Amino acid sequence: MADTNEYAATFNLVDSDGDQRISARELGRLMEVLGSPITLDQAEEAVRSIDSDGDGLISLEEFAAYLESARN
Ligand SMILES: [Ca+2]
Ligand SMILES: [Ca+2]
């Protein structure tokens with residue numbers, strides 16, 4: 001089980017509209033800020049690969065689980 005507290009601050013930064021879900025658009029904006037712009041299609045694909053419950057959005061739990069797995 002991922003420690004979501006560890007990722008909440010990052011998550012909230014990415015979640016610019018504050019609905020507690022990261023959309024493809026928000027992910028795209030993040031990549032732009034990080035200096036690696038991606039297309040909306042690429043952002044949607046990335047969201048699909050992180051989204052484990054299939055609602056098309058990334059929750060904090062999904063975000064934390066993804067970062068945990070990326071770290072190992
Ligand atoms: Ca959001
Ligand atoms: Ca989801």
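The values are calculated or read from the model by the stated rules, or taken from the named source; none is laboratory data. Since the model is a prediction, treat every value here as computed from it, not as a measurement. All Cβ positions, even for glycine, are placed from backbone atoms using ideal geometry, and neighbour counts span all protein chains on display. With ligands, DNA and RNA removed, areas are computed over all heavy atoms of the protein, side chains included. Shrake-Rupley method; radii C 1.70, N 1.55, O 1.52, S 1.80 Å.
Scanning segment 42-66 for residues that are open to solvent by 80 Å² or more (accessible area, probe 1.4 Å) and not in a loop (DSSP other than H, G, I, E, B) yields Gln42, Glu45, Arg48, Ser49, Glu61, Tyr66. Looking across segment 13-41, the residues that are in a helix (DSSP H, G or I) and either open to solvent by less than 80 Å² (accessible area, probe 1.4 Å) or touching a residue at least 40 places away in the same chain (Cβ under 8 Å) (or both) come down to Val14, Ala24, Glu26, Leu27, Gly28, Leu30, Met31, Leu40. Close contacts from segment 51-62, counting a first residue that is hydroxyl-bearing (Ser, Thr, Tyr) and a second that is open to solvent by 20 Å² or more (accessible area, probe 1.4 Å) and outside any strand (DSSP E or B), with Cβ to Cβ under 8 Å and a gap of 6+ residues or different chains, come to Ser52/Ala65; Ser59/Gln20; Ser59/Arg21; Ser59/Asp53.
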